[in-house]
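Taking it in order: structure first as structure tokens, then the write-up.
The values are calculated or read from the model by the stated rules, or taken from the named source; none is laboratory data. Treat the numbers as computed from the prediction; the structure is a model and nothing was measured. Methodologically, a virtual Cβ is constructed for each residue, glycine included, from the backbone with ideal geometry; neighbour enumeration extends over all protein chains shown. Please note that ligands, DNA and RNA were not included when accessible areas were found on the heavy atoms of the full protein model with its side chains. Shrake-Rupley method; radii C 1.70, N 1.55, O 1.52, S 1.80 Å.
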Amino acid sequence: MAAKLKKGDKVVVLSGKDKGKQGEISSVNPSVGKAVVEGLNMAIRHTKQSQSDQGGRIPKAMPIQLSNLALIDSKGKGTRVGFREEGGKKVRFAKSTGETV
């Protein structure tokens, strides 16, 4: 199955505590069906002090289910993603506007 959302895509959160917030995907784990979005779904992680690190309470972005994310189209709204062939290549397109991503 081709990836509808990829690293670097601008997305909006559809549900959860960060509903309506926008961010950029920093990593995707397709086998689990989750993605990490910069600055969203933050949790506090307690880390032990080491020689290289101060330690303490460090905020960290946690993974979000891919079904709770929508790609942002050219108009700035969330849209679903589809696939089509253009010039012999499979490309992603925004279902709301029809533009290629």
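Some notes on this structure:
- Sequence-distant contacts, meaning Cα pairs under 8 Å at least 6 residues apart, place the relative contact order of the chain at 21 percent.
- In the range 11-63, Cα pairs under 8 Å separated by at least six residues give a relative contact order of 27 percent.
- Per residue, the chain exposes an accessible area of 69 Å² to a 1.4 Å probe, with every protein chain left in place.
- Farthest toward positive dipole pole in the chain [+1 Lys/Arg, -1 Asp/Glu at C-beta], among Gly33, Ser52, Gln22: Gly33
- Of the solvent-accessible surface of the chain, computed with a 1.4 Å probe and all protein chains present, 49% belongs to carbon and sulfur.
- Largest first, the extents of the alpha carbon coordinates of the chain on the three principal axes equal 55, 27, 20 Å.
- Each residue of the range 7-23 was assigned a 3J(HN,Hα) from its phi angle through the Karplus curve 6.51 cos²θ - 1.76 cosθ + 1.60 (θ = phi - 60°); the sequence is 4, x, 6, 8, 10, 10, 7, 8, 8, x, 5, 9, 4, x, 7, 10, x Hz, with glycine and proline shown as x.
- q = 0.18, 0.21, 0.24 Å⁻¹: log10 I(q)/I(0) that the Debye formula gives for the range 45-86, counting C-alpha atoms only: -0.70, -0.79, -0.91
- Largest-first ellipsoid semi-axes for the range 1-51, taking √(5λ) over the Cα gyration tensor eigenvalues, angstrom: 24, 16, 10
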